[in-house]
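Below is one structure, written out as structure tokens; the observations come after it.
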Amino acid sequence: MSQQTDVVVVMGDRAFSSPTAIESLPLRSAAAAFAGCHSAVVVAPHPDDESLGCGGAIALLQQRSIPAHILVMSDGTQSHPQSKKYPPERLKRLRERETQTALQKLGLEPEAATFMGWGDSQIPAFGSKFFPEAVSGCRSYLRDRAPSLLFVPWQHDRHRDHRATWEIVQSCLQTWQQPPQQLAYAVWGSEAAGLPCIPPDATGWRLDIRSVESLKRQAVMAHQSQTTDLINDDPTGFRLTPTMLTNLIQPWETYLEVK
């Protein structure tokens, strides 16, 4: 897929000119990207974002024997809100199991995933009533694990839950004297999924995941409620299209440096 763009690009509520093509970004090996990393946490707004955004990185971390943990913020139950076969509580359990199966494909134990259980599309944003509670829970989780590397959603991603998750994490880290290195990933940078390019005010690079690309694909496809017609009684239900999957499963993953 070509991601070259020379026109103004709108990402979320922002417009950028002269963006940088993804293919022109430096390509880094796992050895270079994870040098000095002793543990990592991936913060995923929804079940499946961990695989879509960072599946290759997770697999490479495991191959290098670097512990990784996954914090899933929402329950994912709005993917099929009208399903009678999978009402919210059943769908919540299904999506948790799918996440655990996906992590096993990437080399992690199911127990590596922690589910915060906020409502899908209801992760508290800055200034909302439950924002302090969300920050407190996330802060306790991160302090217990003390990662040296933290994967976070891109702050300008199109989905509100991704932006709210960014706000929660940044609030958690405000009081840390030595916060972890942060890498931002985009799932919904564009309607077709992924970043079509990076804005001129961002610094980014690509992680070479060719050796684990098939594992990432297996992990993504383990989220069957999102990739197949497993839930077939909701005409409004969400499904990752072939185009989205092609855009999100490449021989590399794109990461933006968080300063």
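Based on this model, can you work out whether ASP6 counts as over 19 Å from ASP157 (Cα atoms), at pLDDT below 95 and either open to solvent by less than 20 Å² (accessible area, probe 1.4 Å) or not hydroxyl-bearing (Ser, Thr, Tyr) (or both)?
Yes, satisfied.
Looking at (1) of a type outside the set (Val, Ile, Thr); (2) open to solvent by 10 Å² or more (accessible area, probe 1.4 Å); (3) touching a Lys or Arg at 6+ places or on another chain (Cβ under 8 Å); (4) assigned to a helix (DSSP H, G or I), which is the one condition that is false for ALA219?
With (1) of a type outside the set (Val, Ile, Thr); (2) open to solvent by 10 Å² or more (accessible area, probe 1.4 Å); (3) touching a Lys or Arg at 6+ places or on another chain (Cβ under 8 Å); (4) assigned to a helix (DSSP H, G or I) applied to ALA219, the lone miss is (2).
From the list THR165, THR228, THR203, which residue is touching a residue at least 40 places away in the same chain (Cβ under 8 Å) and either more than 29 Å from GLN82 (Cα to Cα) or surrounded by fewer than 17 Cβ atoms within 10 Å (Cβ to Cβ) (or both)?
THR203 is the lone residue from the list that is touching a residue at least 40 places away in the same chain (Cβ under 8 Å) and either more than 29 Å from GLN82 (Cα to Cα) or surrounded by fewer than 17 Cβ atoms within 10 Å (Cβ to Cβ) (or both).
Select from region 115-141 the residues that are in a helix (DSSP H, G or I) and out of contact with any helix residue (DSSP H, G or I) (no Cβ under 6 Å at 6 or more places or on another chain) and write down the one among them that is surrounded by the most Cβ atoms within 10 Å (Cβ to Cβ).
Filtering region 115-141 for residues that are in a helix (DSSP H, G or I) and out of contact with any helix residue (DSSP H, G or I) (no Cβ under 6 Å at 6 or more places or on another chain), the one surrounded by the most Cβ atoms within 10 Å (Cβ to Cβ) comes out as GLY137.
Yes/no per residue for (1) under 21 Å from VAL41 (Cα atoms); (2) of a type in the set (Lys, Arg); (3) touching a Pro at 6+ places or on another chain (Cβ under 7 Å):
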{"residue": "GLU167", "(1), (2), (3)": "yes, no, no"}
{"residue": "ALA202", "(1), (2), (3)": "no, no, no"}
{"residue": "ARG210", "(1), (2), (3)": "no, yes, yes"}
{"residue": "SER225", "(1), (2), (3)": "no, no, no"}
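List every residue pair whose Cβ atoms sit under 6 Å apart, with the two residues 6 or more apart in sequence or on different chains, where the first one lies in region 24-40 and is in contact (Cβ under 8 Å) with a residue 12 or more places away in the chain and the second, anywhere, is among the β-branched types (Val, Ile, Thr) and in a loop (DSSP other than H, G, I, E, B).
CYS37/ILE66
State whether one or more residues within region 81-93 are free of Cβ contacts under 8 Å to residues at least 24 places away in the same chain and over 27 Å from LEU230 (Cα atoms).
No - not one qualifying residue is present in region 81-93.
For region 76-93, which residues satisfy the criterion of being more than 14 Å from ASN232 (Cβ to Cβ) and either part of a helix (DSSP H, G or I) or open to solvent by 20 Å² or more (accessible area, probe 1.4 Å) (or both)?
THR77, GLN78, PRO81, PRO87, PRO88, GLU89, ARG90, LYS92, ARG93
For residues that are in contact (Cβ under 8 Å) with a residue 40 or more places away in the chain and among the basic types (Lys, Arg), scanning just region 94-114, find the one that is surrounded by the most Cβ atoms within 10 Å (Cβ to Cβ).
ARG95
The values are calculated or read from the model by the stated rules, or taken from the named source; none is laboratory data. It should be emphasised that the depicted structure is a prediction, and the values quoted were computed from it without experimental measurement. No Cβ is skipped: glycine too gets one built from the backbone with ideal geometry, and neighbour counts run over all protein chains shown. The area values use the complete protein model at the heavy-atom level, side chains included, leaving out ligands, DNA and RNA. Shrake-Rupley method; radii C 1.70, N 1.55, O 1.52, S 1.80 Å.
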